[in-house]
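Presented below is the structure to which this report refers.
Only the coordinates and a few stated rules stand behind these numbers; no lab work does. The shown structure was predicted, so the numbers you read here are calculated from the model rather than taken from an experiment. Neighbour counts are summed over all protein chains in view; Cβ atoms, including those assigned to glycine, are modelled from backbone coordinates with ideal geometry.
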């Protein structure tokens, strides 16, 4: 069966280009460029890479961007003071605190200190709650990326059975909430599976749309899906690979070569959901600067 | 098959009795009784009845209770001022604004004006968001009532497939969120069905635990369930009834006589979920006065 490749790399460029066009209009109208600040604590290599990618995307969009660095020994009080300053700064439209934080800092206290109107990661309970209720909000970057993929590739979701594997706060739970809303994309019958689900295949085989976000390479094989399924693979795991220049390769939760021939559409890993996540963060920052969802009801 | 009747009327009395014992201890320790305020706008008969029931339950618990009445013509500004006063009043532990409100008042603005620490209905996005994230919060009275029924009747939920019919903000969505958490009760594989679900029976027949909250009498029949299912029926609809003294009777979404023989356990309507809802509001008020969940992480 010929499957449609859901090319997140390509679509993310389209989204970034659209945002850049919007920014040029803002500036032509005499307004300043949107401004995203990333708060980076310590020197975790992965965090450095993620933040660098986000700052690069800001450049592509014509945003102003700032990385605010703190040492690994920053106190929680110092970090909260910095967040209060960002909340109060009219020149900052949105900001993110790159996770994870060092163990001596209470992550949830930090997240809840962010003004929900500047919480472009969508992690604050106000945004999570408004998402659940079905109100305008900052939708987390990964769920927003997934929705955008479905939307832009014209995949009809109404009445479809969407099976989400994984119940994380960052992907599984908000994605399930989004897709069950009376909206488009949305209106799915949604099933959430996770580590306590016995016989996972019983559910995945029922899926019209299958979303996996667990980080278990090869978890989903062809015997676990039905013909014509749409698969969105959020899992990204580094696997050692002798033939790769870097010594490793990135793999998803889905055994792509085995599953793809049975799909109507599927995201590759890498180049699927990943790039859409960064594009969605840019989208949220643009919204923060132009039409804050927290001001809408 | 002999089924267990999940007697919410009986269990709610047990819960109220436990709370009353807690209140006696508080008072013996020199503290004041918990205080719940109900804000009642207009003179909707159903709202009057609901609020009266809640005030009666306060009495059973030994709570102080106050009903704050406003005419149908109250302005939104006046209502918001009253809420600000309740937020600031140290003698008020929790309060509810009885819904629905007159159409000239923006319900969501009113809900979001309530201090989440006093939002014993659990409708504020902060509480909804913290519920979704899995943090301590005020859980809405109906979802909390459902969880309490499962818990106190010793119904194991881990690994079970819970099918929720209905995606309301008050019942369906928060109940689904609660039951998918890594907690006990919880740890269910959860499916949410709704008006856009084709072939509802395909899902309900898979349910180990079936929760319906749509308000369609007789929606669930025996052909739609599997043997040994646990059924919690949140639906309450008034049906005209010639033989009833009042001229009507209350019926749930489940055709009880048809379905019950196939169940391991089932709630009656009335006397099932309904009384648990009020008991759960009392539980939340007690928590607000003694161990506010918003202060915990």
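Here are the numbers for the structure shown:
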| read-out | value |
| --- | --- |
| Order of B:238, B:64 under a 10 Å beta carbon neighbour criterion, fewest first | B:238, B:64 |
| Shape of the range A:30-116, Cα gyration tensor, a/c cut at 1.5 | oblate |
| In degrees, nearest ten, helix B:8-28 long axis to first principal axis of chain B (Cα) | 30 |
| Chain B: most fluctuating residue of B:210, B:11, B:219 per GNM, C-alpha cutoff 10 Å | B:219 |
| Stokes-Einstein translational diffusion, the protein assembly as shown - Kirkwood Rh over all Cα pairs, 0.890 mPa s, 25 °C, in µm²/s | 96 |
| Shape category assigned to the range A:117-216 from the gyration tensor of Cα positions, a/c cut at 1.5 | oblate |
| Euclidean distance between Cα centres, the range B:227-279 to the range B:124-146, Å | 25 |
| Length-normalised contact order of the range A:139-274 in % [C-alpha pairs under 8 Å, at least 6 apart] | 21 |
| Shape call, the range B:184-236: gyration tensor on alpha carbons, a/c limit 1.5 | rounded |
| DSSP bridge pairs, the range B:31-116: antiparallel proportion in percent, nearest 5 | 0 |
| With Cα atoms, 0 to 90° folded angle of helix B:273-290 axis to chain B main axis | 40 |
| Share antiparallel - DSSP beta bridges, the protein assembly as shown, percent rounded to 5 | 15 |
| Taking only Cα atoms of the range A:139-274, radius of gyration then Dmax in Å | 14.2, 48 |
| Other-copy label distances relative to residue A:136, 7 angstrom Cα-Cβ extension, nm | 3.5 |
| Calculated [θ] (222 nm, deg cm²/dmol) that DSSP helices of n ≥ 4 give over chain A, each run adding -39,500 (n - 2.57) | -12000 deg cm²/dmol |
| Ranked A:123, A:63, B:138, criterion: other C-beta atoms within 10 Å, fewest first | A:63, A:123, B:138 |
| Distance histogram for chain A (every C-alpha pair counted, 5 angstrom bins, percent rounded to whole numbers) | 1, 5, 11, 15, 18, 16, 14, 10, 6, 3, 1, 0 |
| DSSP-defined antiparallel bridges as percent of all bridges, the range A:140-255, nearest 5 | 20 |
| Rg and Dmax [Cα atoms of the range B:210-297; Å; Rg one decimal, Dmax integer] | 16.6, 53 |
| On Cα atoms only, tilt of B:45-61 relative to the major axis of chain B in degrees | 80 |
| Most mobile of B:90, B:151, B:44 in a GNM of chain B (Cα contacts under 10 Å) | B:90 |
| Nearest residue to the symmetry axis between A and B, taken on chain A by its Cβ, in whole Å | A:129, 2 |
| 7 Å along Cα→Cβ, label-point gaps from residue B:183 to other copies, nm, shortest first | 2.5 |
